[in-house]
Structure formats: structure tokens, C-alpha cells
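The values are calculated or read from the model by the stated rules, or taken from the named source; none is laboratory data. Because the structure is predicted, anything quoted here is derived from the model rather than measured. Every residue, glycine as well, gets a Cβ built from its backbone with ideal geometry; the counts of neighbours run over all protein chains shown. Ligands, DNA and RNA are excluded from the accessible area calculation, which covers all protein heavy atoms including side chains. Shrake-Rupley method; radii C 1.70, N 1.55, O 1.52, S 1.80 Å.
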Amino acid sequence: MLSILNELKVPITNGLLLGGLYGIIGIGMSMIFGIVRLVNLAHGDLIILASYLSLVAMTFFPVNPLFTLIVVIPVMCIIGFIIQYCLLNRILGKGMNPPLLIAFGLSIILQNLLLLIFTPDARTLLTSISVKTIPLGNFLNIPLVYLVDFIVALVSIALLSRFFNRTYMGKAIRAASDDEGAAQLMGINTKTIYAFAMALASGTAGIAGILVGMTFTFYPHTGPEYLIIAFGVVIIGGLGSLLGTFLGGLILGLAQLLGAHFLGPGFQLLSGYLILLIVLTFKPTGLFAKG
Amino acid sequence: MYGIERGSRGLSGNGGSIGVNSLLRVQNIDVFYGDFHALWDVSLEVEEAFVVSIIGANGAGKSTLMNTIAGVLSPSKGTIEFHGKRINGLMPYQAVAEGISMVPEGRRVFPRLTVLENLEMGCYIHKARQKKDKVLRKIYELFPILEERRNQLSSTLSGGEQQMLAIGRALMCEPRLVLFDEISLGLSPLVIKNIYQRVKQINTEGITALLVEQDIQRSLKAAHKVYIMQSGRIRLEGRPGELSSENIHKAYFGL
């Protein structure tokens, strides 16, 4: 028994820590899906856009990438607000296809814009964090960057949850997602509220982008990889609760690393999607869906 | 206190009301749902501090008229004036800022928000937020059950309690005019009686009310003035005491 635990301690710890990163990758997608009823196919590309923004910021101020959050989050929020206010709000209520097409188009534009500016070279947000490990006694070595990812993700989601439960705007966003018409009758301008929701979601993409950039290498076209992770997190966690999305991320991360441990590294992605398939079969609304 | 100087439209003509301030004046509006002509040349006047009731069968256009006043629909012809200011073409959230608030048909409370959060959404507009605590206390006095259940999700309330919440929520912005759309729908007679008593209480505090109701007797009892609609038109107008039940039935059924 102890030997099994000893053998599994590494994939379990790393899976949970990586799962935290998956949680922050999926949270923005989940919010927009739940609030605006819109599948944002450009979410992954927004994440990679943020990675590049951080890269640019670091050339001006050679600091730890985490400090570039101060610049990247506001910029991403503004980009998100503009996308919703100027593009997506125009086609709300006109069926499922127009918003999908716009988001898809946005994804292609972002990828090619990044390709044009930054060339297809592999990049990473270099920091000493990326290579350090923290020993937990002589029991376990934790990669520091995974731990930082997990903590930043957890803190972000806790702050987000506080925002949704404590502020007028947070409550108005939830009200608009419950009943748009009734929210308008309360004096809430739902289109502006949707734009703020998208700003917030893009802000979380900004956080995710910096963490992803610190943890892995990225190219202009890596966005869709993270889009698929975000999809997985949303499907496993279900809509309606931030904590559920975070837990969905943990399950996906755990499934991937345990799969890689038992079946070999080539099966890491596959085993994640097997869990996805199982959840879709037995609980299509997601494990932690509300309402 | 608010004697009615004006008789039916036919007797007094279209001149303004004498001695009573008109709060809402709807003049000759036409409303369409796509190609469907829903309201035909509808005119209506609501005096300050009155309870005015619109009666009509299903599909007569009552809710359409309410939604048009609240800004959900926009008239293709005619004007809507609220204390002298033209308000047609405003969005619903702008109408709230003007002082018009609505208790929508089917209550439409926010199911995943708590009772207190629902009430807070009622005072979302900035000038209402500052008076939140004061108004909230008044609403808890009006509906003590809402204070008791303030931290419950509103989806866990009974139908009558949800209706009280919807009314409380509409009052949070300290409106001058409240539109009550079918507030007795699906509720037991006892609960309906209770809710109408509250509406009366709200009205005595100076809030003007425009009611839509299918129950003719209940409407005649509650209102200072009634309008009877049929097929998207106003068929009859007057104070409850003046209208014979024969005329009311004729107008109601369009005979």
C-alpha cells in the first residue's frame, strides 16, 4: 500500500498543481458560456496573446513575468470589453451561428497577427521560477512553477468569487445570466454588463497566459491547445460555479498525469479526454453544475 | 382624496384632466410584433397617486401595453409621456431611471440569487443605491417574510412569496409608477387578497399603480379607474362605479 502511494505521489501532486493552472485556463470560458451563452472559440488565442503581451512588457521592464500581470490584466480587460461591446453584442439573440463565426474569425486573426509580429519561433517567459524545485523533506520534490501556477490560480478564483458575491456589478452579471429581460427591467443595461463580463473573462485569460508562458513554451498557434483544455474543464466542472470549474481543472490535470504514469507519456492527453468522455456519458451537465 | 373629475372619454373629450395631475399619458400608440399588429390606436392616462386597472381577456394586448410603457417594446406611432417628458424609444433600463418600475408577468425573480440579492438588484441604479437601507427597511415592514428568508435562494420560495419578492424588488428604486402585470396569476385566493392589500398600502404612500388583471371584480374593487381592452384596442374607460356590468361584459367580450 505504502509503495503504491510512494509511486503515485509524484503524478498526484503534479496533476493537482497542473489542474490549478487548467482551472484558470477554463474559468473565463466557463464564465462567458454561462453568462452570455456564447462559446468563445478565441479564448485560447486570448491566453496566448497575453503570453506575448507579457513577453513585450518584459523587454521594457526586465522583471519577473508575474509582475507583468499589473500591465497585462488591464490591457486584456480592455481588449475583452471592446470585443464584446463592438462585435459580439451586435449579434446577440441572432442564433448560435453568428457568435461562433465571429469568435472563430477572431481566433484566426489573432493567430496570424501574432505570427506576423513575433515570427513562428518558440518563446517562453524566462524566469528563475521555471527551473527551481522545492523539496518537501526527502519525500517529494515539487516544481516551483507548478506551485506558483496553482496558488495564483486559486487566489484569482477566490477574488473572482468574492467579486460575484459582494459587488453590485457581480450580482448584476449573475442576474443578467439568470433572466436578461428581468434584469433590464431592474435598470441594468445588460449589453454593458456583458461587455464587463467579457472584460473579466479576458482578464483571467491574461493571468492564464502569463502562467502558461512561464510553465511551457508557446508559439503563435498554440491557442487552440488551451481552448481544448478550457473546453475539457468546462465540461467536467459544469456551469454555474467558479469552484466547480476549478475542481474540473483539478480532475482533468489529475487524469492526465495519472494516465501518463500508468500508460506512458504518450497517453497523457488521451487519458484526460477519456475522463471527459466518461463525464459526458454519465453526467452531461458536468459534475458540479448548479441550477 | 383623489376625486375623479373626468368621466368617460366620450363625455370629457381629450382635454387634460382638471384638478388631477396626469403622471403617464399614452396617446394613440400602435405596436407591432414583427408583422403582427398588436395594439391599435391605444390611448390611456394615469393620474398621479391613482390605481388604474387594465382589464381584458387573454391576448387583448394588456401585457403588450405594459411592456411598451416599460420600454421593452417600442410603439411605431403615437407618444408616451411620463410627467410631461416623452419616453417612447427609451430602453427598459432608462425607463427605470425615469421612475417607472415593473412587476413582470410570471414574477421572474432571479432564481440563483438570494432574496436579499434580488432586492438589491431592484436598486441597481445609482441614485437608488444610496437609499438602499432605508427602502429595504420599509419593504421588510411591508413583507416581513422577505426579511425572514433574506438569505434563501429565491427559487426556494413559494409562489406567493416570490410574488411579494417581485413587488418588493420593483419598489427598491423608489419608483413613481409601478406596473403590476398579472400579479394574481396562479396564486390562491387568500394570497391574492393579501397581495392586493399590500398594493393598496403601497398606493396610499403615494405610489401610482397601473394594474393588469384578468379578474374583473378584483380590478373594479382595487382601481380608481379602469380601462377595458379587447383585440388590441381600448373598448371602454371609466371609474368603476360608473360602468354598468352590462357594458363591461360587452367590452370584455367584444360584443
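To make sure I understand the rule: partners must be aspartates and glutamates, Cα under 17 Å from the Cα of A:Lys132, and not fewer than 8 residues away in the same chain. Which ones qualify?
A:Lys132 reaches A:Asp149.
Within 10 Å, Cβ to Cβ, of A:Gly238, how many net charges do the neighbouring residues add up to if Lys/Arg are +1 and Asp/Glu are -1?
That works out to +2.
Out of A:Val63, A:Val212, A:Val75, any idea which swings most in a Gaussian network model of chain A, alpha carbons joined below 10 Å?
Checking each option, the largest mean-square fluctuation is seen for A:Val63.
For peptide B:85-97, how many partner chain Cβ atoms fall within 10 Å of a residue's Cβ, on average?
Numbers: counts 0, 0, 0, 0, 0, 0, 5, 10, 11, 3, 3, 5, 1.
So the per-residue partner count for this stretch is 3.
Counting only other chains, what is the mean number of Cβ atoms within 10 angstrom of the Cβ of each residue in peptide B:71-77?
For this peptide, the per-residue mean of nearby foreign Cβ atoms is 1.
Before I look further, what does segment B:22-253 give for accessible area per residue, probe 1.4 Å, in whole square angstrom?
Here the residues of segment B:22-253 average 42 Å² of exposed surface.
Output the pairs from B:Lys127/B:Lys221; B:Lys77/B:Lys193; A:Lys94/B:Lys77; A:Lys191/B:Lys77; B:Lys134/B:Lys193 with a Cα-Cα distance over 30 Å in this structure; if there are none, say none.
Pairs exceeding the cut-off: B:Lys127/B:Lys221; B:Lys77/B:Lys193.
How large is the charge dipole for chain B, taken about the Cα centre, if only the Cβ atoms of Lys, Arg (+1) and Asp, Glu (-1) carry charge, to the nearest 20 debye?
Dipole size: approximately 360 debye.
Is there a simple number for the mean count of other chain Cβ atoms within 10 Å of the Cβ of residues in A:163-174, and what is it?
On the way: counts 0, 0, 2, 0, 0, 8, 1, 1, 9, 6, 0, 5.
That average works out to 3.
With the crude spin-label approximation of a point 7 Å out along Cα→Cβ, what separation in nm comes out for A:Arg162 versus A:Leu287?
So the label points at A:Arg162 and A:Leu287 sit 2.7 nm apart.
Roll a 1.4 Å probe over the protein heavy atoms and report the accessible area of A:Asp178 in Å², nearest 10.
My reading of the accessible area for A:Asp178 is about 30 Å².
Of the cross-linked pairs A:Lys290/B:Lys138; B:Lys62/B:Lys225; A:Lys290/B:Lys131; A:Lys171/B:Lys138, which ones have a Cα-Cα span greater than 27 Å in the structure shown?
Numbers: A:Lys290/B:Lys138 33 Å; B:Lys62/B:Lys225 15 Å; A:Lys290/B:Lys131 33 Å; A:Lys171/B:Lys138 22 Å.
A:Lys290/B:Lys138; A:Lys290/B:Lys131, as the Cα separations exceed 27 Å there.
Give the distance, in whole Å, between the Cα centre of segment A:1-43 and the Cα centre of segment A:49-111.
What the calculation gives is 21 Å, centre to centre.
Find the accessible area per residue for segment A:16-220; the probe is 1.4 Å, ligands and nucleic acids are left out, and the unit is Å².
In whole numbers, segment A:16-220 has 41 Å² accessible per residue.
Using the alpha-carbon centroid of each, what span in Å lies between segment B:207-255 and segment A:215-254?
Each part reduced to its Cα centre gives a spacing of 58 Å.
Using only the alpha-carbon atoms, how far is helix A:268-282 inclined from the longest principal axis of chain A? Give it as 0 to 90 degrees, nearest 10.
The answer is roughly 50 degrees.
So for the pair B:Phe253, A:Leu113, with labels modelled 7 Å out along Cα→Cβ, what separation do we get in nm?
Taking the simple label geometry, B:Phe253 and A:Leu113 are separated by 6.7 nm.
Among A:Leu125, A:Leu276, A:Leu263, which one moves the most in a GNM of chain A with springs linking Cα atoms closer than 10 Å?
In this elastic network of chain A, the residue with the biggest mean-square fluctuation among A:Leu125, A:Leu276, A:Leu263 is A:Leu263.
Would you mind telling me the share, in percent, of accessible area of segment B:22-253 contributed by carbon and sulfur at probe 1.4 angstrom?
Numbers: 4720 of 9650 Å².
Percent of accessible area from carbon and sulfur atoms in segment B:22-253: 49.
With unit charges on the beta carbons (Lys and Arg positive, Asp and Glu negative) and the dipole taken about the Cα centre of segment A:16-220, which residue among A:Val39, A:Asn189, A:Gly19 sits farthest to the positive side?
A:Asn189
How big is the A/B interface in buried accessible area, both sides summed, 1.4 Å probe, to the nearest 100 Å²? Walk me through the numbers on the way to the answer.
On the way: alone 14070 and 12400 Å², together 24300 Å².
Buried surface at the A/B interface: approximately 2200 Å².
Along the three principal axes, how long is chain B when you take its alpha carbons, biggest first, rounded to the nearest angstrom?
Here the spans come out as 52, 41, 37 Å, largest first.
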